[in-house]
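For reference, the structure is listed below as structure tokens.
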Amino acid sequence: MKIRVAHSPDSDDAFMFYPLAKGLIDTEGLEFEHILADIETLNREALKGTYEVSAISFHAYPYVADKYAVLPSGGSVGEGYGPIVVSKEELGSLKGKRIAVPGELTTAFLVLKLYEPEIEHVVYPFDRIIDAVLKGEVEAGLVIHEGQLSYKDYGLKKVVDLGEWWKEKYGLPLPLGCNIVKKDLGKDVIKKIERLMRKSVEYALKEKEKALEYAINYARDLKDDPRRTEKFVSMYVNERTIDYGEEGREAVRLLLRLGKEKGIIKTEIPEKIFSDELF
């Protein structure tokens, strides 16, 4: 049985999927095809139910919950860090500011709106945001992925780290991305995929040097700096990627509930979110 796995061409995703992509673990009879696309594209494809397994933003999950469940492994969770709002000049407040964002279904956008509802946002491809700030097309930019470490290279200033703000306000880590699985694959296949996703992350963490050697090919701005690539990967592939844990799951439910309460998420939040809650 072929399972299409869609994920972003980023060093952290490349790191965690390395064992699966390179056939380093027993796939229990499943054949995996890897498709690479940016996270907002993956969010949109998930709305259509395109792939059997896909990385998406947690913000997007309620809109696809009829078709998908969140796998217990493979999450990107910030432990007191996360997407960063950057600017050229010092900004006292983001209220009323024109801000470049990487997509309206990204978790970064959801958390930004929780932080400051009164912004004027403009959607840009995530890898164009720093450039948009530098050119003065916007007053600030919401940077994700490697931009969280590389923005200083361009002389930009941090306005707020949304993961830091979230941790201070709620005392929880910030769940940003997840891997989802189609519910209609059935219990047996879903359980296999749960096991394989966990094994892939565990293998990558165990064989860290080899996985990093593979992942650095996807590091974009950090490609020439292995130490920063390793730092970025370790930020988002760690023990919480093996399993969210109770605190991580609590954070997921809180994030989605707040999004719904504030009118940012305009659909119902499912009671059962994770695939291991289905059966």
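The values are calculated or read from the model by the stated rules, or taken from the named source; none is laboratory data. Because the structure is predicted, anything quoted here is derived from the model rather than measured. Here the Cβ is made from the backbone with ideal geometry for all residues, glycine too, and neighbour counts use every protein chain on show.
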_Which pairs turn up if I take residues in the stretch 66-82 that are closer than 18 Å to residue 162 by Cα and touching a residue at least 12 places away in the same chain (Cβ under 8 Å) and look for partners that are in a strand (DSSP E or B) and among the polar types (S, T, N, Q) with beta carbon separation below 8 Å, at least 6 apart in sequence or on another chain?_
75/179
_Condition met for residue 47 (surrounded by fewer than 16 Cβ atoms within 10 Å (Cβ to Cβ) and either part of a helix (DSSP H, G or I) or modelled with pLDDT under 95 (or both))_ = yes
_Only one of 182, 199 is under 28 Å from residue 49 (Cα atoms), buried (at least 18 other Cβ atoms within 10 Å of the Cβ) and touching a Phe, Trp or Tyr at 6+ places or on another chain (Cβ under 7 Å). Can you tell me which?_
182
*Any chance you could count how many residues in the stretch 85-115 are crowded, with 19+ Cβ neighbours inside 10 Å and either assigned to a strand (DSSP E or B) or acidic (Asp, Glu) (or both)?*
6
*Going through the stretch 235-259 one residue at a time, which ones are in contact with a Lys or Arg (Cβ under 9 Å, 6 or more places away or on another chain), over 21 Å from residue 59 (Cβ atoms) and in a helix (DSSP H, G or I)?*
242
*Please specify each residue of the stretch 157-216 satisfying the condition of being part of a strand (DSSP E or B), over 24 Å from residue 84 (Cα atoms) and not hydrophobic (A, V, I, L, M, F, W, C).*
182
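Per-residue answers, yes or no, for (1) within 22 Å of residue 259 (Cβ to Cβ); (2) part of a loop (DSSP other than H, G, I, E, B):
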residue: 27; (1), (2): no, yes
residue: 54; (1), (2): yes, no
residue: 66; (1), (2): yes, yes
residue: 74; (1), (2): yes, yes
